[in-house]
Every structure is written in C-alpha cells, then in structure tokens.
Amino acid sequence: MLTKELLQPKSIVVVGGSADTGKPGGSVIKNLIAQGYKGKLYVVNPKAEEVQGVKCHASVDMLPDVDLAMLAIPAAACVEAVEVLARKKNTKGFIIFSAGFHEESAAGAELEEKIVKIVNETGGSLIGPNCIGVMNTCYAGVFTGTIPPLSDTGVDFITGSGATAVFLMQAAMRFGLPFAGVYSIGNSAQIGVEDVLEHLDETYVHGKSAPVKMLYIESVNKPAKLLKHAQSLIRKGARITAVKSGSSEAGSRAASSHTGALASPDVAVSALFKKAGIIRCYGRTELALMAAVLLQPLPTGKNMAVVTHAGGPAVMLTDALSNGGMEVPHIEGPKAEALLAKLFAGSSAGNPIDFLATGTAEQLGYILDACENDFDGVDGVAVIFGSPGLFPIYDVYELLAEKIKTARKPIFPIFPSYGWVKGEVDEFVRRGGCYFPDEVLFGQALARVCQSKRVGDAAPEMPEIDVAAVRQVVDSAANGYLDPAQIHALLDAAGIARAREGVARSVEQAMEKAGLIGFPLVMKVVGPVHKSDVGGVVLNVRDQETVRREFERMMKIPETYAVMLAQQLAGTEVFIGAKREGEFGHIVMCGLGGIFIEVLKDVASGLAPLSPEDAREMIGGLRSYKIIQGVRGQEPVNEARFAEMVSRVSELTRVAPEIFEMDLNPLLGNAHDVVAVDARIRIEKRVLAQSDY
C-alpha cells in the first residue's frame, strides 16, 4: 500500500540534509525547493543551524509531526530514526536513499528487516532503501540532477535501478518525453514494482491519470499480482512497456523433456508480459522510445506516409515499418500530381514523399495537408527532417508542432541531427513537443505497438475436462514420471485424443495387443528418454513376425522395461508441452514436433490459462506456420483442433498443478484431427504450484 503521506505529503523532513548539493541529502533539498514543493520542509542536521535556507533540527526527536521522511544517513543510524519518526512523529511515508542493507551484507539485511517491521506495524509505506527516490507533480523527492518536466498526463516510470532511471531520464528529456511520476524502489524491502503498479491501477482514471506506464524490472517477485494489475490497467485504457533484465539466464538446464529444455524463467517472463499486454523491450533507449510512441495518438490503420528531405533515412524507415507489418502504400493519381506541382523539381510524391534537401516549411505544409485531406489510404505520417546546420530551421519545427496539434491523422516527427540544430530542437521540446531521434528505432517501435494485441476477456471460455478423473490419477500418483496407463487416463480425462495403444512386457502380450490395435502399427521402447536415439522406435510394423522380432530386440536396449505398441497414424508431427515455472505457474508451448523441435526450436509459448483463441494466436505466430497450413499439396493440420488440444493441456495444468513437465510429442495432425502419439508426464508434489498473493 502506498500511503497518501508518501505520495502527497503536506510536510517532508530530510534526515541528513546538507548544504553540499553534491551529496544526496543536499541535492534532494535543492530539487524540492527548485520544483516548488508547497508543503512544510524540515531538515535534520546536528552540525548546522540552517541548510539551503531551511532551519535545521539537531535530531528527529525535536521535529513536529511530519508526513514523509527522506533518509540520507548511514544504514546503521536508519533504524533508530525510523523508530522515532514512525512511533512518535506519526510519519507514514519513508524514502531511504542510503545503501548498506541487504544488497551488501547479512548485517545490513537485519537492519532492513527491522525497518520494514517498524513501518508495517505503524501502517506506513517504505521506498528503498538504496534508491534515488520518488517524484511526482507534488514533489521532486530524488537526489538526481536535472528534473524532467512533470505532468499528470506524462509517463509513470517504476524502476528497480536508480542508475537506469537517471540515464533514461537524461535521454528522454532530450527528445521531450514527459513524466508524471518516477518510483525508484531500490531494494524493494517493502514496496516492489508490483505494489506500485497495483496503486497506479487502483487509482487510475482514464483521461486524467498518466496513460503510459514504463517499467524496469530486475526480478519478478509477484507474477500473479503483476499480471492482474497490468491487465486491469490496460483494460481501463492505459498502455505498459517494460524491460526485464537478466534475460540471458541459462535456459539450457539439464532437463528430461523437450519442454523442460526449451522453457526457462525468461520464457516465463515473456509469456507473462504477453498475457498481461505489456510490450517488452531490451534496453533503456528502446524503452523510452516505446513509451513515447504509446503516448501519441496512434494510426487507425497500418498505412503510413513517410515524408522526408533525405532519401537514405526514408528507405530505412520504410524497411522498418514494412518488416514490422506496417504498409507504406504507393501514392499516385491527380491529387499526387497536384502536390508534386507545389514541390521543387526532382521531388517525389509516390511515398516516401521526398521533397529534397532544399525543401521548405511551406512545402512541408502542403505535404501534410495532402496527407490529411487528399490521401485516403494514409492513416499516419512520419516526418524525417534533419539539417546539415547550414541555416536555421525554426520555421519547419514550428509548423510541425502546429500540425501535430491540429491534424486528425497522427504525425510523428523524426529529428536525426540534434547536434547541428540543437536550438531548434530544444525549442520544439520546450513548447511541449516530443520527437524521435532515430528513424529505424521509431519504425520498429510503432510497428510493435500497432501490431500488439489488446488484453482479452477477463474470463475466456475454456474447454471442459473431467476434473474428478484427473484428480484421481494425480492424487494416487507418486512423484516422477507417470506410467503409460496413468498417462492414458489423464489424456482421456482431459479430452485429448490419443492413438490406440497398449504396453507389453512379454512377447505374448505384444502379439495379443498388436491384434487388438491393428496393422500398421508403431513400436516404441518404454524407459529411455530419447527413444529414436537408441533405436527404440520402429514404424510400419505390418505383421506378427515383425512384432515378435522387434520386441525381442527392443527389450535388450538399456533402461527398457516394456514396449509400447500404437496405432500408426498419418499427418504432420506437431508438439504440445507444459512446464511449471515457479510462481509464474505453467508455461504451455506448441510447435512442429518430432525431431523438428530439437532442430528448429520453433515454439510458441504462453502462460496458462490459455483459451482456444489464445492458442490459435500462438500457432499463427510460429515461423513454421505455413507447414501447418499445408504447403505444396501437403495436407494441412486442423488448426482449430490443434488449438483446442493446446487449451486442454493448459486446463489440465490448472486442475493438476502438480504436473511439473509434460510432453505430447509428437501429435499427428491432419485435416480431420490432431491425435497424441507419444506422451511423457512428470508429477512433482514437493513444490507448490502458483501461489496466491
């Protein structure tokens, strides 16, 4: 919970305040004063009578009641200060800049725990320790340098890294990204990213609150909470973009299934973000530019006009847009000819609309008016306008600023030459403009935003499965891999189609089951993990003599204790898997199956629960999707049935969270059905499934 005293304090004390603005305790006072904090400001410093014009108190005991305390004192002194402030001065908001807590040592961790205990017992909120602070339109409680412009309709930024906040704000201020609030949570001793997001969700009013949330996350500690409040915010009209650092964590852990090898914590993060509607980025420049795109009105369609006075950047922007699924349609006809007549000879109106390096502000006005009123096939306009620095271009940027405010179709300004026209660009930003410094990064960001999927229904319709039958199998099973009979019972209870099959432990059983299943059939060893690697799979078995011969051979393969005989089906090999990933819950994956999963590693991942519609989207996003559709006369896979099977696996993991790993590989898909041919399911009851928060 973020208290009102933390967010809208009527009084603030800086404990450890200093006249030296090169120190956190001095810089934060300077920022509070410079940004016009309107409440009462106190300073605790036993070595001074006043600091930066603010009277000092010798100790926290001498203070009156105060809403918010900012601590810039050694870690060892923080516990006593918090104790006095929380219990005697009715302080309900704390920001601790100091380091030296759990990030440094066990002793520091103990100090941190004591502080959190005090703050919790007194109903307060704690940001930090080891952070740069908090700022919003009420106060600038950070010790960083220049403070960006603050507006309720800017961007809210929640970050686990103070340095990332500083570097990102420096870059963002240059191109005009406005901020509404910055929350540097540091060690997240009490309040983490998810908790701040919860507050922003519960207080969000579309049209009045900051419409874009920007996150830098080092650890997702409460995935269910993040998912809930991100989805809620997006359903209310907000947009969210985020960096989750640490994506290079080894995902090739020793695993006993294809799913286990392909799934990883970072795959879980990507699946969580996708389900939540969060657009994932991988660096702070990309993050800031993505937020800037999200803050602008977006095109109603995918057709963009590219307006430029430089050929190369326009080509690169066109490539970025096209590669991202946008269109840069050719423009022609009488209205294009009329526009061309107003431009210098050698210009082009075909799209990109190139009005040459000598193009004027007046000509740019003609072009933007034509895109707005004459070219119906244009949904938005990207304008690239830099300068070699030979002459001022204030008039161009003034025109752009005016057109951006008045046009129905969104206009995105790209200014690639800041160093040579710094005055013009800074004036554009000072007047409230926001521009993009790089055409390719802008094009990639816009394409991702326009192609991103909105959050679906809160409770999508899921396929029905036999819950009682599922629980009967799981409750009676021991940890480890289920035997074939248990697997069959689970698949049947989940409504997952499977081939007719049976397990034989003797030649006589093998021949009997072959007669019941019918020829042709497949024989597979039971025991070894990778059956084909050890010669444990035989196809097209067509008579009893082959059954006898292959059974005797297979039983000699190490680790084999039985042989499975299965109906041989025809179709494209596909794959469905599931893996429990800590508190994220289950990742469900699908793709081409058989050996292709190892060779191509072309799999789509989603976080359960997944509706059939979610699964169809996953299947459609595969690089191998054309194969599933059927190419060069090949029979297609029944996509609706494939998606249903993915959704049924997802629902099975909800009913049986004890499933740790599950492979259906392969399933054989044709135009009529998708049928599981082989399956492995591992139960692990020692680790709890996804926890509540």
Matching option when the condition is buried (at least 16 other Cβ atoms within 10 Å of the Cβ), under 30 Å from residue 548 (Cβ atoms), in contact with a Lys or Arg (Cβ under 6 Å, 6 or more places away or on another chain) and of a type in the set (Val, Ile, Thr), among 496, 517: 517
Of all residues being of a type in the set (Lys, Arg) and part of a helix (DSSP H, G or I) in segment 71-106, which is farthest from residue 187 (Cα to Cα)? Just the residue, please. 88
So residue 652 fits all but one of (1) within 17 Å of residue 593 (Cα to Cα); (2) in a helix (DSSP H, G or I); (3) within 27 Å of the chain's Cα centre (by Cα); what number is the exception? (1)
Look at residue 445 and say whether it is closer than 30 Å to residue 686 by Cβ and either in a loop (DSSP other than H, G, I, E, B) or among the small types (Gly, Ala, Ser) (or both). no
Which listed residue, of 209, 219, 232, 247, is modelled with pLDDT of 95 or more and part of a loop (DSSP other than H, G, I, E, B): 209
Restricting attention to segment 342-362, and to residues there that are among the aliphatic types (A, V, I, L, M) and surrounded by 19 or more Cβ atoms within 10 Å (Cβ to Cβ), which single residue is farthest from the chain's Cα centre (by Cα)? 343
Output yes when any residue across segment 425-442 is of a type outside the set (Lys, Arg), assigned to a loop (DSSP other than H, G, I, E, B), modelled with pLDDT under 95 and surrounded by fewer than 15 Cβ atoms within 10 Å (Cβ to Cβ), and no when none is. yes
Of the conditions (1) farther than 19 Å from residue 654 by Cβ; (2) among the small types (Gly, Ala, Ser); (3) touching a residue at least 24 places away in the same chain (Cβ under 8 Å), residue 493 fails just one. Which one is it? (1)
So residue 487 passes all but one of these: (1) under 25 Å from residue 618 (Cβ atoms); (2) touching a residue at least 12 places away in the same chain (Cβ under 8 Å); (3) not in a helix (DSSP H, G or I). Which condition number does it fail? (3)
Let me spell it out: the conditions are (1) within 36 Å of the chain's Cα centre (by Cα); (2) small (Gly, Ala, Ser); (3) modelled with pLDDT of 90 or more, and residue 459 meets all of them except one. Which number is the exception? (3)
Top-ranked residue in segment 32-47 [being within 14 Å of residue 68 (Cβ to Cβ) and not hydrophobic (A, V, I, L, M, F, W, C); ranked as surrounded by the fewest Cβ atoms within 10 Å (Cβ to Cβ)]: 38
Can you name every one of the strands (runs of 3 or more DSSP E) wholly within segment 1-57 that holds 2 or more residues which are over 40 Å from the mean Cα position of the chain (by Cα), farther than 25 Å from residue 156 by Cβ and not assigned by TED's automatic domain parsing to the domain that holds residue 189? 40-44, 54-57
Could you name every one of the strands (runs of 3 or more DSSP E) located completely within segment 114-193 that has at least 2 residues being over 20 Å from residue 29 (Cβ atoms) and over 23 Å from the mean Cα position of the chain (by Cα)? 125-127, 150-159
Please specify each residue of segment 363-392 satisfying the condition of being over 39 Å from the mean Cα position of the chain (by Cα) and outside any helix (DSSP H, G or I). 389, 390, 391, 392
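Here's the yes/no breakdown for (1) closer than 28 Å to residue 173 by Cα; (2) out of contact with any helix residue (DSSP H, G or I) (no Cβ under 8 Å at 6 or more places or on another chain); (3) among the acidic types (Asp, Glu):
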| residue | (1), (2), (3) |
| --- | --- |
| 293 | yes, no, no |
| 297 | yes, yes, no |
| 301 | no, yes, no |
| 309 | yes, yes, no |
| 332 | no, yes, yes |
| 344 | no, no, no |
| 349 | no, no, no |
| 352 | no, no, no |
| 358 | no, yes, no |
Verdict on residue 109 being on the phi < 0 side of the Ramachandran plot, surrounded by 17 or more Cβ atoms within 10 Å (Cβ to Cβ) and assigned to a helix (DSSP H, G or I): no
Counting only residues in segment 204-231 that are touching a Gly at 6+ places or on another chain (Cβ under 8 Å) and charged (D, E, K, R), the one nearest to residue 243 (Cα to Cα) is identified as 218
Here are some conditions: (1) within 28 Å of residue 22 (Cα to Cα); (2) surrounded by fewer than 20 Cβ atoms within 10 Å (Cβ to Cβ); (3) touching a residue at least 40 places away in the same chain (Cβ under 8 Å). Residue 149 meets all but one. Which one does it not meet? (3)
Among the residues of segment 85-96, are any touching a residue at least 12 places away in the same chain (Cβ under 8 Å) and within 29 Å of the chain's Cα centre (by Cα)? yes
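The values are calculated or read from the model by the stated rules, or taken from the named source; none is laboratory data. Quick caveat: nothing in here was measured; it's all calculated off a predicted structure. Here the Cβ is made from the backbone with ideal geometry for all residues, glycine too, and neighbour counts use every protein chain on show.
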